[in-house]
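Here's the structure we're looking at; comments come further down.
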Amino acid sequence: MDLATLIPVLESTIRLSTPLLLACLAGLFSERAGIFDIGLEGKMLIAAFFSAAVAYLAVTNETWTLHLPLTDASIGLTWLRSLLPPVGWGLLAGIAASMALSAIHGLASITFRGNQLISGVALNFLASGLTVLIAQSWFRQGGKTPTLTGDARLSEWHLPFADSLRDVPVLGPIYSDLLSGHAPLVYLAFALVPATWWVLFRTRFGLRLRAVGEAPEAVDTAGVSVVGLRFAAVAICGVLCGIAGAYMATGLQPFFGKEMTAGRGYIALAALIFSKWRPWYALGACLLFGFLQAVALRFQNIDLGAFTVPVQVMDALPYILTVVILAGFVGKAIPPRAGGEPYVKER
Amino acid sequence: MDKMPGWADAVLVPLISILLASLISALVILAIGHNPVEAFSIMVKESLTSSRGIGNTLYYTTNFIFTGLAVAVAFHARMFNIGGEGQVLLGGLGVALVCLYVPWPHWTLALVGATVAAGVFGAAWALIPAYLQAKRGSHIVITTIMFNFIAAAVLNYVLVNMLRPRGAMEPASGPFPEPTHLPTFQEMFSTADTVLFRSAPVNVSFFLAVLACFAVWLLIWRTRLGYQIRAFGHSESAARYAGISPVRITVIAMLISGGLAGMMALNATMGEAERLVLNASEGAGFIGIAVALMGRSHPFGIFMAALLFGFLYQGGLELAFWTGIPQQLITVIQALVILFTGALDNMVRMPLEKLFLALRKGKA
């Protein structure tokens, strides 16, 4: 395998890893604070829909009015138009939708001390059903949004000197083709890895957030609000999942399609366990799983001479690896101690 | 202290949860520009007022009874089996292998053989997550989710590379031979003059599902093993102290759960499709979660909840056909039921408990 075949695969690895990484870091914040979240998938999905839908509507409509449901009242919003490019409004809408699901998850698992896993499952179904219902009602294209064009899509960033350095042997293509020319959200996702590490391990907020996932009673004794911290973590999770979904529908693909996240939320969850709830390891795990997806997309069945690796093995590999990790055969994955448990104040 | 009378806990709380879920569903229908009353009447008309509609409803009910019981048995041992979907797929594989490669003389024998195969394959798919939970403490929710995806990949591989007839494009097995076809309600209940349940897929496995309800009730409340499962579910430390092996109970409960989920494939694969297709479960593995939560993990409750979801599913499909409201409406309703009866249970329960407490004080 030479550089010319390797670079497209690695380039698509970066693209495919981005939503995984964002969702994985989202899960990291939530689970470090003791709130299990198997609803990453649903949050990404609903964010993907609303970002694509709003970006499309923002491009195609000259005047913006918000019709209040069930009444005749409407609010003129055309003045908002020049504030952000359409794709920016899409991103905000995606984040808002994802945070709405986060709020329900917080309400169920923090306020009403319900089962966090059941709440996550419910939210995944809610997103999977609502996106198609609303998409059909708005666009009538069988649960899809129309294909986005122009300003409704994320533009690509070209790193400085990308064109002039292309002819440098080896390093040139790596810089110009592999690292340059991605959507801004890709660079944001990778920059969020050190940022997450810094927030979690070098700030007071991070220390408290981790403490609330390990020993909430200690945090409570210190006079810090457990509920507040957990809601903050769930909100951060919502923002990051929103960005992940927006990238999928306005960057990775130029439209929203039914069930387009296709289990990525669960792969992100797998990556989170694989990385043992640590930011830098999460980067490695997401790149690995992204690479597996890229290889499966590019090669289908892989001929290794003696035998062929069927594409289904590549599809299932992230899940198999996670089960092996969970089984503790390759180092034990220990979740935050208070994870999944609602906190009940002692009286 | 009992805060609420038993009937309130068993009937009132789920009823209020369902009302909340249907209220929000109605709002959703309104928001996408349709009339909820009209939608509901179409659903009732198409699923409950003709024997064809009832036949379809009961077909889906059969699926949901099996998956609902599967989730419920695991719930009793305080485990959350999200792996129903994968266990159904593997159960279907078992059914297909037995139907395709064993020369059955009669459907009754084939049904017995296929039931065993479905149960064994479904249980086997639950065995690894169960073992990992019991022995290595790997969280069963995560492992069963992973096993759903692995099952889909396995089935895809088997169908594409092994069971697909030569020259066929679709990833599905060839049709099952004639003697394995299960009698449908149409064949069983129609007389010479009147045809009942015309072309509805409901078949003899419905009675098997009812039998399974009874068997699970016997198991959970009338056997030593059932007592151990419930004891383990209430308090692991107490069960351990009483000499109940956590490893044994975890594995056995999950095997039963997986086996029940696998048996759903009898209805969908052997009864309806009469061949193995890629997505035999049609999401019934997940609907089982809603059914079990709503039925409070009791077989009778599960039967009622499965009837309700059978109605929702059949009604929702017809609604999609008649009005163009996508069938994903069912997914939304299912999500709301899971949310209100499962995760937001306390939201309904806490005010009710206060109410009953106030009533009691008023009397005393």
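Every number in this text was worked out from the coordinates using simple rules, so none of it is lab data. Not measured: the values here are computed from a predicted model. In this analysis, Cβ positions are derived from the backbone assuming ideal geometry, glycine residues included, and neighbour counts consider all displayed protein chains.
Data for the structure
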quantity	calculated
Shape of region A:21-260, Cα gyration tensor, a/c cut at 1.5	oblate
Amide H partners (placed H, <5 Å) of B:GLU274, local residues excluded	none
Potential lengthening between B:ALA168 and B:LEU48 on full extension [0.36 nm per residue; Cα-Cα distance subtracted]	39.4 nm
Calculated log₁₀ intensity ratio I(q)/I(0) where the Debye formula runs over C-alpha points of the protein assembly as shown, q = 0.10, 0.12 Å⁻¹	-1.05, -1.50
Given 13 as the ceiling on other Cβ atoms within 10 Å, longest exposed-site-free region of chain A for chymotrypsin sites (Phe, Trp or Tyr not before Pro) in DSSP loops	A:1-160
Chain A: relative contact order in percent, alpha carbon pairs under 8 Å with at least 6 residues between	34 percent
Top positive-direction residue, dipole computed over region A:21-260 with Cβ charges, set A:SER137, A:TRP89, A:ILE236	A:ILE236
Rounded if a/c under 1.5, otherwise prolate or oblate - chain B, Cα gyration tensor axes	oblate
Amide proton proximity set for B:ASN203, modelled H, under 5 Å, gap of 5+	B:PHE185
Residue among B:GLY295, B:GLY33, B:GLY83 with the largest mean-square fluctuation in a Gaussian network model of chain B, springs linking Cα atoms under 10 Å	B:GLY33
Karplus (6.51, -1.76, 1.60) ³J(HN,Hα), θ = phi - 60°, over region B:134-148, in Hz, Gly and Pro reported as x	6, 8, 10, x, 6, 5, 5, 5, 5, 5, 5, 4, 4, 5, 4
Förster radius 60 Å - calculated FRET efficiency between A:LEU68 and B:LEU357, Cβ distance, rounded to 0.05	0.90
Region A:21-260, dipole about Cα centre (Lys/Arg Cβ +1, Asp/Glu Cβ -1), debye to the nearest 20	340 debye
Stokes-Einstein D for region A:1-108, Kirkwood Rh over Cα pairs, 20 °C, 1.002 mPa s (µm²/s)	129 µm²/s
Averaged over A:105-115, number of beta-carbon atoms from partner chains that fall within 10 Å	4
Residues B:VAL202, B:VAL210, B:VAL120 arranged by fewest to most Cβ contacts within 10 Å	B:VAL210, B:VAL120, B:VAL202
Label zone at B:PHE214, where the point sits 7 Å out along the Cα-to-Cβ direction: region B:301-328 residues whose backbone N lies under 17 Å	B:301-304
Cα gyration tensor shape for region B:229-364, rounded if a/c is under 1.5, else prolate or oblate	oblate
Region A:4-113: GluC sites (Glu not before Pro) in DSSP loop, at most 14 other beta carbons within 10 Å	A:GLU62
Neighbour-count order for A:LEU240, B:LEU111, B:LEU30, fewest beta carbons within 10 angstrom listed first	B:LEU30, B:LEU111, A:LEU240
For B:287-293, mean number of other protein chain Cβ atoms within 10 Å	2
Helical segments meeting 27 Å axial Cα length and Kyte-Doolittle -1.0 threshold in chain A (DSSP H)	A:3-32, A:40-60, A:86-106, A:116-139, A:226-247, A:279-299
Spin-label pair B:VAL11/B:LEU23, simplified geometry with 7 Å Cα→Cβ offset, distance in nm	2.1 nm
Karplus-derived HN-Hα couplings along region A:159-164 (A = 6.51, B = -1.76, C = 1.60, θ = phi - 60°), whole Hz, x at Gly and Pro	5, x, 6, 4, 6, 6
Residues with amide H under 5 Å from that of A:TRP157, placed H, sequence gap 5 or more	A:GLY181, A:HIS182, A:ALA183
FRET efficiency, 1/(1 + (r/R0)^6) with R0 25 Å, evaluated for A:VAL309 and A:ILE334 via beta carbons	0.20
Residue-by-residue Karplus 3J(HN,Hα) for region B:208-221, coefficients 6.51, -1.76, 1.60, Hz, glycine and proline x	5, 5, 5, 4, 5, 4, 4, 5, 5, 4, 4, 4, 6, 10
Two-site FRET efficiency, B:GLU187 against A:VAL199, from Cβ-Cβ distance with R₀ of 56 Å, rounded to 0.05	0.25
Charge dipole of the protein assembly as shown about the Cα centre (unit charges at C-beta), most positive-ward option of B:GLY316, A:LEU252, A:PHE36	A:PHE36
Ranking of A:ASP151, A:ASP315 by count of other Cβ atoms within 10 Å, fewest first	A:ASP151, A:ASP315
Mean separation of Cα contacts under 8 Å (6+ apart) over length of region B:254-349, as relative contact order %	21 percent
Helical contribution to [θ] at 222 nm, DSSP H n ≥ 4, -39,500 (n - 2.57), averaged over the protein assembly as shown, rounded to 500	-21500 deg cm²/dmol
Contour minus Cα-Cα distance for A:ASP163 and A:GLU259 (0.36 nm per residue)	30.8 nm
